[in-house]
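Student: Take a look at the following structure, please.
What follows draws every value from the coordinates through simple rules; no lab data is involved. Just so it is clear, the structure is predicted and the values come from calculations on it, not from any experiment. Positions of Cβ are backbone-derived with ideal geometry, glycine not excepted, and every protein chain shown enters the neighbour counts.
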Amino acid sequence: MKSRLLFPHRFRLLGWLLAVPGFVLGYMVVYNDYKIPGFGMQLREQSQLFLPAYENFTNELALTLVVGGLVFIAFSKQKIEDELTANIRLNALYWAILANYVMYAMFLITAAINNVLQLRLIENAIEVIAGGFTFMTYNLFTPLAIFMARFYYLLYKRNDEYEIKTIRFLPNKPYRLIGQTLSVAFAVMIIAQSIKREDITWLFYTLPLPMLIWVFSKEKQEDEYIGAIRLDAMQLSVYANYIILLIANFAFYSTGFLFVMAFNFATIPAIFLMVFHYRLYKIRKSDVASAKSNLNLL
């Protein structure tokens with residue numbers, strides 16, 4: 001099982017050359033309100049609510065450098081790229097996505113408790129976690145950071161071993177059906193309430209969680225070939241997610257980009273499910289055609 005969706009090994013160095021100055025610039029933007037002089041343009045005649053007349057692109061540049069650099073570091077080939085490396089990459093990628101969404105679920109639960117009980121202690125915790133949309137900002141690159149930490153830890157740990165523990169997925173029954181049912185139900189409610197122009201905030205933010213149950217549920221027949229499809233689908237979903245993010249980084253500003261940051265929580269599982277099941281459909285269609293051809297030969 002080898003992934004075909006990797007950058008050449010030399011892109012790792014390019015990734016570090018982008019990510020390190022990107023983090024430095026991002027730190028200066030967030031904590032020192034630094035802006036590169038003259039690095040912007042006039043977007044409107046006068047300032048509006050949350051929309052300045054002159055938009056400086058320093059923060060957009062910092063995000064582009066960080067995300068682009070981390071993608072190159074995370075998905076560049078190793079000097080020796082073999083079956084074991086591919087297994088480690090799949091393990092690290094799934095572990096990173098799962099860990100990131102566990103943190104997201106804890107954030108939602110804490111926010112819900114705070115909203116219902118109005119506890120001052122929890123309110124302070126929320127202010128620390130989400131003040132200035134800190135949580136959503138960090139979420140833009142935490143999946144990549146977690147993946148890199150896990151991947152290189154497993155590479156270091158493996159030494160001369162030729163096996164790695166298999167990923168533990170949820171059983172096919174009943175979790176796959178639960179994930180599918182809840183995901184479809186949430187999506188239908190979001191569409192229905194959007195048409196009625198009702199508040200869909202809680203539905204929109206919780207939609208990724210049932211989708212993750214679906215993503216991490218086994219197929220009826222789970223083998224190494226399915227694992228290879230999963231790896232390709234997950235890498236494609238991460239690539240697509242960050243391509244969308246980087247385009248939106250320069251296309252949307254202020255409140256518009258805040259919506260993109262919120263939407264970003266659902267894109268990885270949504271794109272994975274589309275790619276993964278499309279690949280399965282193509283394979284099953286090919287198998288059926290091959291079976292019919294064999295019958296005709298008989």
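Student: Apply the a/c threshold of 1.5 to the C-alpha gyration tensor of region 164-273 and tell me whether it is rounded, prolate or oblate.
Tutor: Verdict is oblate for region 164-273.
Student: Exceeding 31 Å between C-alpha atoms, which entries from my cross-link table qualify? They are K77/K173; K218/K285; K77/K218; K196/K282; K79/K173.
Tutor: From the list (K77/K173; K218/K285; K77/K218; K196/K282; K79/K173), the Cα-Cα distance tops 31 Å for K77/K173; K196/K282; K79/K173.
Student: Modelling each spin label as a point 7 Å along the Cα-to-Cβ direction, I'd like the A262/Y175 distance in nm, to one decimal.
Tutor: For the pair A262/Y175, the computed spacing is 2.9 nm.
Student: Given H placed 1.01 Å from N in the peptide plane, which residues other than close sequence neighbours of K77 have an amide H under 5 Å from its amide H?
Tutor: Long-range HN contacts for K77: F7, H9.
Student: At a Förster radius of 51 Å, what calculated FRET efficiency corresponds to the Cβ-Cβ distance of V102 and N294, to the nearest 0.05?
Tutor: On the way: r = 46 Å, r/R0 = 0.90.
Rounded to the nearest 0.05, the efficiency is 0.65.
Student: Considering amide H positions built from the backbone, and no H for Pro or chain starts, which residues 5 or more places from G40, or on another chain, come under 5 Å of its amide H?
Tutor: Those lying under 5 Å, H to H, from G40 are F57.
Student: I need the phi-derived Karplus couplings for region 233-238: 6.51 cos²θ - 1.76 cosθ + 1.60, θ = phi - 60°, integer Hz, Gly and Pro marked x.
Tutor: Once rounded to whole Hz, the list reads 5, 5, 5, 4, 5, 5.
Student: What list of ³J(HN,Hα) values in whole Hz, one per residue of region 218-231 in order, does the Karplus curve 6.51 cos²θ - 1.76 cosθ + 1.60 (θ = phi - 60°) give from phi, with Gly and Pro shown as x?
Tutor: Whole-Hz 3J(HN,Hα) from phi for region 218-231: 5, 6, 4, 10, 10, 10, 5, 5, 4, x, 5, 5, 4, 4.
Student: Run the numbers for I244 and Y281: contour at 0.36 nm per residue of separation, minus the present Cα-Cα distance, in nm.
Tutor: Length difference between fully extended and current span is 10.8 nm.
Student: So, one more: Check L170: other-chain or 5+ apart residues with amide H under 5 Å from its amide H, H built from backbone geometry?
Tutor: Close amide H contacts, sequence-distant or interchain: S217, K218.
Student: Answer rounded, prolate or oblate for region 207-259, using the Cα gyration tensor with square roots of eigenvalues a ≥ b ≥ c: rounded when a/c is under 1.5, else prolate when a/b is larger than b/c, else oblate.
Tutor: oblate
Student: Another question, then. Pop out the ³J(HN,Hα) list for region 9-20 in order, Karplus 6.51 cos²θ - 1.76 cosθ + 1.60 with θ = phi - 60°, rounded to Hz; leave Gly and Pro as x.
Tutor: Result, ordered by residue: 4, 5, 5, 4, 4, 4, x, 5, 5, 8, 5, 4 Hz.
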